[in-house]
Amino acid sequence: MLLLGIETSCDETSVAVVRDGQSVLSNVVASQVDLHAQWGGVVPEAAARQHVERINPLIQQALDEGGIGFDQVEGIAVTNRPGLVGALVVGLAAAKALAFALNVPLVGVNHLEGHLYSPFLDMNAPPVFPHVCLIVSGGHTELVLAKGHGDYELLGQTLDDAAGEAFDKSARLMGLGYPGGPAVDKQAKAGNSQAVRLPRAWLDGSLNFSFSGLKTAVRRYVESQSEDYSIPDLCASLQAAIIDVLATKTLQAVEQAGVNLFTVVGGVAANSALQARMKAEAAGKRIQTLIPPPKYCTDNAAMIACAGYYRLLKGEQDHWDLDAYANAPLG
Ligand code: KG4
Ligand code: ZN
């Protein structure tokens with residue numbers, strides 16, 4: 001089954017063509033990072049306008065790069081939740097129009113469920129269940145027990161900032177621009193992770209997270225220093241503080257759930273030190289781990305088509321009244 005995936009939940013316009021929920025024939029992404037960098041964060045109104053300008057050419061480009069025509073599309077999967085509503089409705093309107101014109105099924109996908117499927121793209125094998133999934137992005141930090149297609153249990157989540165926000169807000173304090181995660185990742189490579197003492201919120205006995213104290217500690221440190229503190233050292237220390245908590249809690253979740261596979265997904269999963277730590281933890285415990293390549297960590301439509309495929313296979317389908325929602329839990 002050839003599905004067209006459409007993703008416009010935040011600041012990336014993306015369209016993909018995916019066969020049978022696995023083989024990615026095309027996955028085009030138009031990032032708005034340069035636009036929002038001038039404001040230091042995503043401006044919802046500007047994001048929505050840019051999606052409007054880009055969505056139609058991107059649909060054509062995804063079909064061209066996938067080597068297919070409109071007449072070969074057998075279904076449309078579109079992110080309809082959670083996200084910026086003004087941004088989501090752009091993709092949703094395009095998806096509905098196409099599904100109606102081509103007379104193919106339409107399926108709305110939870111953006112987080114898309115991320116959950118992202119490690120299984122291009123794997124030539126179906127997704128494996130059960131597994132524990134750590135979702136770490138700009139807006140989310142969640143530990144989920146994925147028991148089967150569409151069967152998810154939330155094990156823990158952030159009580160305040162998401163891991164990506166901890167990267168982005170701290171990077172802003174250091175003057176590293178937006179988005180901060182990739183910049184911190186790069187700077188940290190030249191820094192000493194023991195140089196600055198930063199707190200870890202363990203929240204003992206729970207699989208929840210809290211990163212707001214870390215952000216405050218970074219602000220206090222920056223304010224207490226003269227201009228010449230070491231940015232690489234602070235980045236390495238910040239990154240280590242975030243990774244320690246993410247890795248420890250993910251391994252706790254794996255143990256509690258009694259599974260032998262965990263995945264790490266979302267934009268922050270592109271972090272090189274987080275990937276290295278997770279792979280080392282898994283190897284030490286003889287547990288399998290899957291982390292998608294960077295192009296499938298950050299927002300993309302291929303993962304939406306993959307999640308949508310399994311919903312369509314189960315006979316689920318949405319209708320013309322499908323709406324967009326700012327918040328929507330997974331599971
Ligand atoms: O999944 P995503 O593209 O969008 C959301 O759904 O939020 O994630 C974006 C987040 C941003 O906070 C960005 O700073 C972070 O992912 N990020 C990284 C790296 N690349 C992207 N964080 C740490 N290290 C990276 N290499
Ligand atoms: Zn995302």
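At-a-glance table
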item	result
Qualifying residue in region 188-209 (condition: hydrophobic (A, V, I, L, M, F, W, C), without any contact (Cβ under 8 Å) to a residue 24 or more places away in the chain, more than 16 Å from ligand 2 (Cβ to nearest atom) and not in a loop (DSSP other than H, G, I, E, B))	no
Residue check for residue 184: within 13 Å of ligand 1 (Cβ to nearest atom) and at pLDDT 95 or above	yes
Odd one out for residue 223 among (1) surrounded by 14 or more Cβ atoms within 10 Å (Cβ to Cβ); (2) at pLDDT below 95; (3) not small (Gly, Ala, Ser)	(1)
All positions within region 1-30 that are of a type in the set (Ser, Thr, Tyr) and either more than 14 Å from residue 61 (Cβ to Cβ) or away from ligand 1 (no atom under 12 Å from the Cβ) (or both)	8, 9, 13, 23, 26
Members of region 173-187 found to be part of a helix (DSSP H, G or I) and either under 19 Å from the mean Cα position of the chain (by Cα) or surrounded by 19 or more Cβ atoms within 10 Å (Cβ to Cβ) (or both), listed by number	180, 181, 182, 183, 184, 185, 187
Residue match in region 291-314 (condition: more than 20 Å from the chain's Cα centre (by Cα) and surrounded by fewer than 19 Cβ atoms within 10 Å (Cβ to Cβ))	yes
Some residue of region 290-305 being in contact with a strand residue (DSSP E or B) (Cβ under 9 Å, 6 or more places away or on another chain), away from ligand 2 (no atom under 14 Å from the Cβ) and closer than 15 Å to residue 134 by Cα	yes
Residue in region 263-272 that is under 30 Å from residue 178 (Cα atoms) and either more than 15 Å from ligand 2 (Cβ to nearest atom) or more than 19 Å from the chain's Cα centre (by Cα) (or both) present	yes
Helices (runs of 4 or more DSSP H) wholly inside region 237-319 containing at least 3 residues that are in contact (Cβ under 8 Å) with a residue 12 or more places away in the chain and away from ligand 1 (no atom under 16 Å from the Cβ)	272-285, 302-313
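The values are calculated or read from the model by the stated rules, or taken from the named source; none is laboratory data. What you are looking at is a predicted structure, and each value in this text was computed from that prediction instead of being measured. Don't worry about glycine lacking a Cβ; one is built from the backbone with ideal geometry, like all the others, and counts go over all protein chains shown.
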